[in-house]
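Take a look at the structure set out below.
The values are calculated or read from the model by the stated rules, or taken from the named source; none is laboratory data. What you are looking at is a predicted structure, and each value in this text was computed from that prediction instead of being measured. Note: ideal-geometry Cβ built from the backbone for every residue, glycine included; neighbour counts use all protein chains shown.
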Amino acid sequence: MATVRLSAWVHGRVQGVGFRWWTRSQALALGLVGFAQNKPDGRVHVVAEGDQDKCDALLAALRSGQTPGKVDLVTETWEAPRGDLVGFGER
């Protein structure tokens, strides 16, 4: 299975609603490492590394409509894994 690095930018009402905690719980359940970080412009930046299918599942969860708050848009980029992440944190 290919290992990848997902970088997702989540737009909407996603700060102050438990979104990062929810994202962390989803990622840990999938066995991913990375972080969810609030950005000054109101977005949340999600970075996750792991198997392609697990990262796809996290991306689908971010777009599912079942998140805390209200997600308006999720944009993503894919990269080669860097191997510099441990656990899944909230920043």
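For the reader, a short list of remarks on this structure follows.
- Only residues that are closer than 15 Å to PHE19 by Cβ and of a type in the set (Phe, Trp, Tyr) were counted across the stretch 35-91, and they come to 2.
- For the stretch 35-57, a residue qualifies if it is farther than 18 Å from VAL14 by Cα and either in a strand (DSSP E or B) or modelled with pLDDT under 95 (or both), and the qualifying residues are GLU49, GLY50, ASP51.
A quick yes/no check of all residues on (1) without any contact (Cβ under 8 Å) to a residue 24 or more places away in the chain; (2) out of contact with any Lys or Arg (no Cβ under 7 Å at 6 or more places or on another chain):
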| site | (1), (2) |
| --- | --- |
| GLN15 | no, yes |
| PHE19 | no, yes |
| GLN26 | no, yes |
| GLY31 | yes, no |
| PHE35 | no, no |
| GLY50 | no, yes |
| THR77 | no, yes |
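- Candidate set from the stretch 75-91 (those that are part of a loop (DSSP other than H, G, I, E, B) and not hydrophobic (A, V, I, L, M, F, W, C)); member that is surrounded by the most Cβ atoms within 10 Å (Cβ to Cβ): PRO81
- Test: residue in the stretch 63-74 that is buried (at least 17 other Cβ atoms within 10 Å of the Cβ) and acidic (Asp, Glu): no
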